[in-house]
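These notes concern the structure reproduced below.
The values are calculated or read from the model by the stated rules, or taken from the named source; none is laboratory data. None of the values given here were measured: they were computed from a predicted structure. Cβ placement follows ideal geometry from the backbone for every residue including glycine, while neighbour counts extend to all protein chains displayed.
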Amino acid sequence: MIKKDTIHRWITFIAILCAVTMIHIAHASSFNILSRMNLERPSENWVVLVAGSNGYYNYRHQADICHAYKIVTEKGKIPKSNVITFMFDDIAYSKENPHPGVIINEYNGTNVYIGKEAIDYRANDVTPQNFLSVLRGEKMSVGSGKTLNSGPNDKVFIYFSDHGATNVLAFPGFSLLHASDLFETLQFMYQNKRYQQLVFYVEACESGSMFNQILPSSLNIYAETASTPFESSYACDYSNEFSAYLNDCYSINWMNDSDISDIREETVGVQFEKVRRETTTSRVCRYGDFVIEKEPLINFQGNNSIKSMMKQWSSEENRKNAFARIFNQENGAKDVTRQPIDSRKVYEDYLQRRLRTLMSSSTASLSEKLHILTLIEQYRESMKKSDRIFNFLSDQYQLEKILNLRKAMLNRELDPDSACRTQSSLLAHPQCVKQLIQLFEKRCGSFDEYSLRYISYLGDLCVKQMSTPSEKHQEMIHSLDETLIRLCR
């Protein structure tokens, strides 16, 4: 005969089992409902715009981002609630700005400054970590708190403008976003259905290295970069009035095209071909899912649910006016120097121009002149230190052969698509590059305007490491660590 307490235990067990089953069914049901709601929700457009620099000499990056904001919100009609901006915001009201509250992106251009209220993450909130958190849709406790709430039906457009180097993009203070971390986040977005299709434009030196042999076509992401994995990108349009380069050559080309074109009809691929043709200073590259090239620009730079564009953008008369404005920029703008400049030379150029201005001014104070002379001396010391360190590393680890192969990729006669895709003998593993960068920063401090170009040498070290037995890898890292301790103390 079964005891009563045994019967009670069985009844309790069955009750608990039923409760757990019901909770599981309810959870699965609610998940299915939410999934169905997501699939049935109309497609939305989301935009993330990032100016990754600070300092008045980097004027053009924030000008680029402000111009892009105007395109997607005013022409494209994307709700401002769906546009997320990262911008240090130290340019518009800088003491060096002759027109406080005004930012222009081209000669005779209108004021594109978007105002503090439109900047979601500014000053010290402009970091790689916050950018990646926003892309992941995480709840933010800084800035406006706005995050990417996109879903499986949505189109996402990301535009980044700043400095870069092998497998990195720079943020204020030269805090670095690594290609391996960016790719991990893009994978997360794909796996968690954070978008249907994603377009990513990058203005930075060696920006091709962020995606080359890293971004597969299977993630429904199309990436376009201002330069190959080995080239600098270029700044354009120096304004004597603003004492700054107003834009970046690749960026102003794609934005001028979006300004004057019918983005309902023009495709991503057509814009790429136009911009590649117009950008003669560096070779514009594309990576990822080329199927997206068939999509109209409005699917990413505009609200793809609108049936008609604003009159001011769609009328033939206004399109002619836009062409005329650009034509006038190309013909006789006395204030603007049309000669492009390697982005990595902008800071030195800025210092020299600033010194000449102060020395010829009868009102400039002695402290202003001494300050700029101090900055020039600091820059020259940085040059000497960086040259010494990386030339020594090149000799010690016999990198000359790899350096020569890399220089060969700069050959302008090389087919553009070939220049964009690194041969395997030059391909560094992003995780290795990240490890060596962190080792350098630990022993020698942060990279700066000048030393950033030498990250390619660390990439070359990774290429060299790949040709050695795996058991030797840790030995090489230990050797590099000891060398850096000696060189940087």
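Structure data summary
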quantity	calculated
Filtered residue count, region 73-111, keeping only those that are in a helix (DSSP H, G or I) and farther than 26 Å from ASN299 by Cα	0
Count of residues meeting criterion [over 19 Å from the mean Cα position of the chain (by Cα) and in a helix (DSSP H, G or I)] in region 259-270	4
Some residue of region 296-307 being at pLDDT 50 or above, in contact with a Ser or Thr (Cβ under 6 Å, 6 or more places away or on another chain) and over 14 Å from SER251 (Cβ atoms)	yes
Residue that is part of a loop (DSSP other than H, G, I, E, B), within 14 Å of VAL47 (Cα to Cα) and in the same structural domain as SER251 (by TED's automatic domain parsing), where the choices are TYR159, TYR195	TYR195
Check on LYS139, surrounded by fewer than 23 Cβ atoms within 10 Å (Cβ to Cβ) and over 20 Å from VAL156 (Cα atoms)	no
Test: SER243 is surrounded by fewer than 24 Cβ atoms within 10 Å (Cβ to Cβ) and out of contact with any strand residue (DSSP E or B) (no Cβ under 9 Å at 6 or more places or on another chain)	yes
Yes/no for LYS70 being surrounded by fewer than 24 Cβ atoms within 10 Å (Cβ to Cβ) and either assigned to a loop (DSSP other than H, G, I, E, B) or touching a Cys at 6+ places or on another chain (Cβ under 6 Å) (or both)	no
Any hit, region 381-395, residues being free of Cβ contacts under 8 Å to residues at least 60 places away in the same chain and farther than 30 Å from THR483 by Cβ	no
Verdict on ASN167 being modelled with pLDDT of 95 or more and under 17 Å from GLY52 (Cα atoms)	yes
Considering residues of region 308-324 that are aliphatic (A, V, I, L, M) and either outside any helix (DSSP H, G or I) or modelled with pLDDT of 95 or more (or both) only, the residue farthest from GLU265 (Cα to Cα)	MET310
Residue in region 111-124 that is assigned by TED's automatic domain parsing to the domain that holds ILE214, in contact with a Leu (Cβ under 7 Å, 6 or more places away or on another chain) and either of a type in the set (A, V, I, L, M) or modelled with pLDDT under 95 (or both) present	no
Failed condition for ASP89, given (1) surrounded by fewer than 18 Cβ atoms within 10 Å (Cβ to Cβ); (2) without any contact (Cβ under 8 Å) to a residue 60 or more places away in the chain; (3) closer than 25 Å to ALA226 by Cα	(1)
Considering residues of region 390-416 that are farther than 18 Å from ARG453 by Cβ and basic (Lys, Arg) only, the residue modelled with the highest pLDDT	LYS401
Which numbered condition LYS464 fails, given (1) over 20 Å from GLY208 (Cα atoms); (2) modelled with pLDDT of 90 or more; (3) assigned to a helix (DSSP H, G or I)	(2)
Among residues of region 432-459, those that are polar (S, T, N, Q) and closer than 20 Å to ARG489 by Cβ, counted	3
LEU426, sole failed condition from (1) surrounded by 15 or more Cβ atoms within 10 Å (Cβ to Cβ); (2) within 23 Å of PHE174 (Cα to Cα)	(2)
Region 123-139, residues that are part of a loop (DSSP other than H, G, I, E, B) and either touching a residue at least 12 places away in the same chain (Cβ under 8 Å) or basic (Lys, Arg) (or both)	VAL126, THR127, ARG136, GLY137, LYS139
Pairs where the first residue, in region 182-197, is in contact (Cβ under 8 Å) with a residue 24 or more places away in the chain and the second is of a type in the set (Asp, Glu) and surrounded by 15 or more Cβ atoms within 10 Å (Cβ to Cβ), C-beta under 9 Å, 6+ apart	ARG194/ASP154; TYR195/ASP154; GLN196/ASP154; GLN197/ASP154; GLN197/ASP289; GLN197/GLU295
Region 278-297 - residue that is outside any loop (DSSP other than H, G, I, E, B), out of contact with any helix residue (DSSP H, G or I) (no Cβ under 7 Å at 6 or more places or on another chain) and not hydrophobic (A, V, I, L, M, F, W, C) and, of those, surrounded by the most Cβ atoms within 10 Å (Cβ to Cβ)	TYR287
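Residues checked against (1) hydroxyl-bearing (Ser, Thr, Tyr); (2) surrounded by 17 or more Cβ atoms within 10 Å (Cβ to Cβ); (3) farther than 30 Å from GLU441 by Cα:
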residue: GLU348; (1), (2), (3): no, yes, no
residue: GLN352; (1), (2), (3): no, no, no
residue: ARG356; (1), (2), (3): no, no, yes
residue: MET359; (1), (2), (3): no, no, yes
residue: SER382; (1), (2), (3): yes, no, no
residue: ILE389; (1), (2), (3): no, yes, no
residue: ILE402; (1), (2), (3): no, yes, no
residue: CYS420; (1), (2), (3): no, yes, no
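Residues are listed down the side, and each one gets a yes or a no for (1) touching a Lys or Arg at 6+ places or on another chain (Cβ under 7 Å); (2) within 25 Å of SER451 (Cβ to Cβ):
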| residue | (1), (2) |
| --- | --- |
| SER232 | yes, yes |
| ASN247 | yes, no |
| THR267 | yes, no |
| ARG277 | no, no |
| ARG283 | no, yes |
